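Read through the structure below, which is laid out as structure tokens, and then see the notes.
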Amino acid sequence: MRQDGIRAQRREQTRQALLREGRLLFAGSGYGAVGLAEIVQAAGVTKGALYHHFTGKADLFRAVLEEAQQEVARRVAVAAEVHDDPWARLTAGCEEFLTATTDPDIQRVMLVDGPAVLGWSQWRAMDEAASARHLADALSLLVDRGIIAPQPVAPLVHLLSGAMNEAALWLASSSDPAGLDHTKAALARLLAALRTG
């Protein structure tokens, strides 16, 4: 039994090494410029070890992307949860999403290579699974409390999510040093237009 635990721990260490090195390489060079040999060498494992955990480079990339999306979702949740007021939670979470996606590693993996490698539909499904539920919950609460006019929440979630993803993509290619501040200000105005009264 003890031996099984040690083997399981080693397998998990190998998987984590592959994810860590894969993320560093994908973020630094881009998916297309990174080969499997480079990944396994950086992780200090064999190709067989990689294939034990992943079906190939695309599968490893998908796992790296999922981790990046979860990291952004955690950052958004932490920023939102410090506020008691539901409106402040929404705005703080949306602002943190924009801030988090200015990280060059996140931009490359999540916004540039993610849709290109996995295809728009799969990338969108992963994005929705990682963040859309939280946005839907926040907007539903605001509608229920009358802070936002009564309306179907699903279209609003997709509109806001799409606008923020597009803004994050624009920030990734912008050389404007005040781009993030200007984008947050524009987002605040956009969100403010949703409030009743």
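The values are calculated or read from the model by the stated rules, or taken from the named source; none is laboratory data. What you see is a predicted model; the values in this text were computed from it and never measured. As a convention, Cβ positions derive from the backbone with ideal geometry for all residues, glycine included, and neighbour counts pool all protein chains shown. What goes into the accessible areas is simple: the full protein's heavy atoms, side chains included, and nothing from ligands, DNA or RNA. Shrake-Rupley method; radii C 1.70, N 1.55, O 1.52, S 1.80 Å.
General observations
- Computed label-point distance, nm, for sites Asp59 and Arg20 using a 7 Å Cα→Cβ extension: 2.3 nm
- When the square roots of the Cα gyration tensor eigenvalues are ordered a ≥ b ≥ c, the ratio a/c for region 154-197 is 1.5 or more and a/b does not exceed b/c, which makes its shape oblate.
- Net lengthening on full extension, Glu67/Ala42 (0.36 nm per residue, minus Cα-Cα): 7.1 nm
- Taking region 110-169 and dividing mean pair separation by its residue count, relative contact order in percent (alpha carbons under 8 Å, at least six apart): 35 percent
- Alpha-carbon Rg/Rh ratio, for the chain, with Rh computed the Kirkwood way: 1.06
- For the chain, the relative contact order is 20 percent, taking Cα pairs closer than 8 Å that sit 6 or more residues apart in sequence and dividing their mean separation by the residue count.
- Axial C-alpha extent at least 27 Å, average Kyte-Doolittle at least 0.5 - helices from the chain (DSSP): 153-173
- Unit charges at the beta carbon, dipole of the chain: most positive-side option, Trp120, Gln9, Ile147: Gln9
- Amide H contacts under 5 Å for Ile148, placed H, 5+ residues apart: Val143, Thr196
- Split the accessible area of region 1-111 by element, probe 1.4 Å, and carbon with sulfur accounts for 49%.
- Here region 49-119 and region 125-197 have alpha carbon centers that stand 16 Å from each other.
- Per-residue SASA entry for Leu187, accessible area with 1.4 Å probe, Å² rounded to 10: 10 Å²
- Mean separation of Cα pairs under 8 Å and 6 or more residues apart, divided by the residue count, gives region 81-197 a relative contact order of 36 percent.
- Placing R0 at 35 angstrom, the Cβ-Cβ distance between His182 and Leu141 gives a FRET efficiency of 0.80 after rounding to 0.05.
- Solvent-accessible area per residue in the chain equals 53 Å², computed with a 1.4 angstrom probe and all protein chains kept.
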